Amino acid sequence: MSRVVLSSDQIDKLCGVKIAEGDWPAYVLERMGGSLYAIDFTHPGFPASWQEIINEVGAEQSQSICRRGPGTELKTLLAGWPFYITSSPDCSCNRVAFEMDAWGPDECERPERVDYILAAMRENAEKRGLPFIDAAGRFLIGRAIKNARKKQRLTS
C-alpha cells in the first residue's frame, strides 16, 4: 500500500469522484481533517496514474509519498510511552504531520516551521485538555527530525 493525501477537489479532478461523508471508494483510507483524505494510490480501484498524481500534488510532495518523514515520526513518538496520544481521523494534527513529511527534515528545522508546529501541538493539546510545555514540544520536534533523517539514510 502506498499513501498520498489529496483534497476532495483533487480526488474529483483525478478520479471524477465526489467524496461524500462515510461513502468513500475503497481506495480512500481515511479522512485526515478538513477536506483532506489519505488515498491508497496502488489500490486496483484507483483510476489515476502515478504521473497524474505527481502533476497534481507537485514533485516535492510526491517525493514524500514514498518515505516517512518528521511528521510521521512525531506522531510515532506521541503515540508511544509516556504519552500514548493518538490522532482521530479528523484531527488537524494529521494535516500538520503530512505537511511536515512533505517539507522534510531540513525545512522542519526552520524557526518559523518549528513555531508553526509548536502552535499546532499547543492547540491540539488544549482541545484535548492536556498540558503543553514548549520545551518538551521542541524536544519532540527535534527528535522526530533526527529519527526521520536516520531512516532516510538507512533507505537511501
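Among the conditions (1) part of a helix (DSSP H, G or I); (2) at pLDDT 95 or above, the only one that PHE132 does not satisfy is (1).
Only one residue in GLY71, GLY33, GLY104 is crowded, with 17+ Cβ neighbours inside 10 Å, at positive phi and at pLDDT 80 or above. Which one? Please lay out each step first, then the result.
Working: GLY71 fails: at positive phi; GLY33 fails: at pLDDT 80 or above.
Just one listed residue meets the conditions, GLY104.
Among the residues of region 130-142, count how many are surrounded by fewer than 17 Cβ atoms within 10 Å (Cβ to Cβ) and within 16 Å of GLY104 (Cβ to Cβ). So that I can check it myself, show each step before the final result.
Kept after step one, since they are surrounded by fewer than 17 Cβ atoms within 10 Å (Cβ to Cβ), are these residues of region 130-142: 130-136, 138-139, 142.
Then drop every residue that is not within 16 Å of GLY104 (Cβ to Cβ), which leaves 142.
Number satisfying all stated conditions: 1.
Of all the residues in region 5-29, those that are assigned to a helix (DSSP H, G or I) and of a type in the set (Lys, Arg) number 1.
Of everything in region 1-24 that's touching a Phe, Trp or Tyr at 6+ places or on another chain (Cβ under 8 Å) and of a type outside the set (Val, Ile, Thr), which residue is modelled with the lowest pLDDT? Let's see the steps before the verdict.
Our first condition is that a residue be touching a Phe, Trp or Tyr at 6+ places or on another chain (Cβ under 8 Å); within region 1-24, this holds for 2-8, 11, 15, 19, 24.
From the residues that got through so far, the ones that are of a type outside the set (Val, Ile, Thr) too are 2-3, 6-8, 15, 24.
Working: SER2: 65, ARG3: 72, LEU6: 80, SER7: 80, SER8: 81, CYS15: 75, TRP24: 81.
Filtering region 1-24 for residues that are touching a Phe, Trp or Tyr at 6+ places or on another chain (Cβ under 8 Å) and of a type outside the set (Val, Ile, Thr), the one modelled with the lowest pLDDT comes out as SER2.
Within region 140-156, identify whether any single residue is on the phi > 0 side of the Ramachandran plot and part of a loop (DSSP other than H, G, I, E, B), and answer yes or no. Looking through region 140-156, none of the residues is on the phi > 0 side of the Ramachandran plot and part of a loop (DSSP other than H, G, I, E, B).
Do we find a residue being among the polar types (S, T, N, Q) and either within 11 Å of the chain's Cα centre (by Cα) or under 23 Å from VAL28 (Cβ atoms) (or both) anywhere in region 115-125? No: zero hits. Looking at ARG122, ARG95, just one residue is at pLDDT 95 or above, surrounded by 12 or more Cβ atoms within 10 Å (Cβ to Cβ), in a helix (DSSP H, G or I) and of a type in the set (Lys, Arg), and that residue is ARG122. Condition check for ILE85 on (1) assigned to a helix (DSSP H, G or I); (2) modelled with pLDDT of 80 or more: one failure, at (1).
The values are calculated or read from the model by the stated rules, or taken from the named source; none is laboratory data. None of the values given here were measured: they were computed from a predicted structure. Note that we place each Cβ from the backbone using ideal geometry, even for glycine, and neighbour counts take in every protein chain shown.
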